[in-house]
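Where a number appears in this text, it was derived from the coordinates with a stated rule and is not lab data. This structure is a prediction, so every number in the text was calculated from the model and none was measured. No Cβ is skipped: glycine too gets one built from the backbone with ideal geometry, and neighbour counts run over all protein chains shown.
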2 protein chains.
Amino acid sequence: MIPNNNSRKMFLEIVKQLRQLIHDENIPVGGKLPSERELAERLQVGRSTVREALRSLELLGIIETRRGEGTFLSDFRKHQLVELLSTFILQDSRSKKDVHTTMHALEKEAIRTICLTEQLQKQSIWDAFIDKLQEEMFQEDIIREIIIISNNRLGLKIWFLLKQFAGEPYRSLMNVKEKEAWKMLLGNLKVGNEQQAISNYNEWKLLMNRGEIK
Amino acid sequence: MIPNNNSRKMFLEIVKQLRQLIHDENIPVGGKLPSERELAERLQVGRSTVREALRSLELLGIIETRRGEGTFLSDFRKHQLVELLSTFILQDSRSKKDVHTTMHALEKEAIRTICLTEQLQKQSIWDAFIDKLQEEMFQEDIIREIIIISNNRLGLKIWFLLKQFAGEPYRSLMNVKEKEAWKMLLGNLKVGNEQQAISNYNEWKLLMNRGEIK
DNA sequence: AATTACAAAGTGGTCTGACCACTCATAGTT
DNA sequence: AACTATGAGTGGTCAGACCACTTTGTAATT
C-alpha cells in the first residue's frame, strides 16, 4: 500500500488542490466555495487540515470567510493583510528598495508601450488627466491608469501587489513642480514621444524623492 | 468575566500576538519559537488555533517548521508570497505577450540600474562575457547574470517565475548579428552608457523576434 | 573510559468529535 | 399578509488522541 507518510506538508497540498478546484469549477470573484466539511470529505483529509489551508489563503486575502454563511473567493486587492506584512516583513530596507525598483520598472514599461502604440496614444483620457491636474488628485490613480491603458494585465496585477507591500510611495497632493512634470509627461505620452516621456518620468521621480526626504 | 467569543477572528489575533512575541523576545532570523503547545497555553487558546496562525505565517514564508524540531523564524527575503500569489494570479491571464512585456521591463530596469551604479560597472564579468560570446553560450544565462548583478532580488524572483511561464523565449545559439548586438550591449554596460545600452537591448530583441518568426 | 544502542521526551502533522455563534430559509403562528 | 420560532448549514474553537520525526539522555556493550 502507498505510505501516507507524506514528507510534504499536507496543508500545502490542499492549497494547491484548492487552486485547482477554483479553476476547474470556474468560481468567479465573490463566488462561494464548498463548505469546510465538504472540502474535507472531497479531498479526503481532516477538517482541521482544510482549515489550515483556508486560513492561510484568508490571510493572503485570496478568500474571505463569513461565519454562518461560507467561504468566498475574494478580490485580492482588498486584503488588509498587507499592512501586517509590511510590519512583519518589509522592515528590511533592501526589500523595500527592491519593491520600489520593480514597481518603477513596470511603470516605465507601461509608458514605453503606450508611446510605441498608436492606438493607445489617441485616448482622450490624457487630456482629461491634464485638466484634472488642477484639482486635488491622486498621483497613484494616474500611474495606475497608465498601466491599465498599456494593456499589460499581468504587469498591472504585479504592480498592484507590490504597491500594497510598498506602503505609501505616492503622495496624493502635488506641488507646482510636480504638476508641471506630470503635465509634460502626459503631453508627451499623448504624442508618443518615448524619450521625453521617460525623461519626464525620471524627473518626477526625483521630485518625489526629494519631497520624501523633507 | 470577559467574553472572548468576540466576533473577531481569533487566529488573526494570534498572528498579531505572535508578532508581538517575536519582537518582545527579540527572536533573531533562524531563531526558534516556542512550541505550539506552549504557545497555546501562554496565549490561552487551543492548539489548533495557534496552528492556523502559524500555518498562515508559514505560507507567507515568515516562519519555517521542521517536524520533530520546532518552528523557526525564517529569512523572509525569500519572497515566497510573491511566488504563491503569482501562481494564483497567472491563472486568468496567461497571455504570453504580457509575460514577455513584463520580463522585458525587468531586464531593462536591470540594465539601467547597472549603468547608473558605478560599482556594478566595474565587475570584470562583462569582459568575461564578451570573451565567451565566441563560444556557444546561453543568452538566458547572460540576461540572468545581468539581473543578478543589478541586485534586485525581488525582480530576479519574479523574472524567474515569468520565465517558467514563458516557455523558451531565448534561443541559446546566436548568429553573427546577435553576437554583435550583445558585444555592444555589454560594452556599454561596462562603461555605464545607459541610453546606448537600452538601445542595444532593443536591437537585440528585434533580432530575436525576427529569428522566431522565421 | 569510550562507544554504541535503545528508550524517552519533545515537537510538528493530522484526525475526530464535540460544542458554540451566526446566518438564512421556511414552516408555523398570529 | 406579517411576524415569529425553529432547524439546518456554516464557520470558529477546543480537547484529546495518535503518528512521524528529531533530539537527548541513559543504559548496555565493548
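Annotations for the structure displayed:
- For residue B:32, the point set 7 Å out from Cα toward Cβ sits 4.7 nm from its twins in the other copies, listed from shortest up.
- Computed over the range A:10-73: relative contact order in percent, which uses C-alpha pairs under 8 Å that are six or more apart: 41 percent
- Pseudo-label separations to other copies for residue A:202 - Cα-to-Cβ vector, 7 Å, nm: 1.4
- Cross-link pairs A:97/B:205; A:179/B:190; A:32/A:108; A:122/B:163 - those with Cα-Cα distance over 30 Å: A:179/B:190; A:32/A:108; A:122/B:163
- Label point 7 Å beyond Cα along the C-beta direction, distances from residue B:19 to other copies (nm, shortest first): 2.5
- Averaged over B:50-63, number of beta-carbon atoms from partner chains that fall within 10 Å: 6
- Loop trypsin sites (Lys or Arg not before Pro), the range B:11-79, which have at most 12 other Cβ atoms in a 10 Å radius of their Cβ (DSSP): B:67
- Average projection area in nm² (convex hull over Cα atoms of the range B:10-78, one quarter of hull surface): 4.2 nm²
- Per-residue extension of 0.36 nm, minus the Cα-Cα distance of residue A:47 and residue A:191, leaves a gain of 46.0 nm for this segment.
- Shielding by partners for peptide A:15-24, expressed as the average number of C-beta atoms from other protein chains within 10 Å of each residue's C-beta, is 2.
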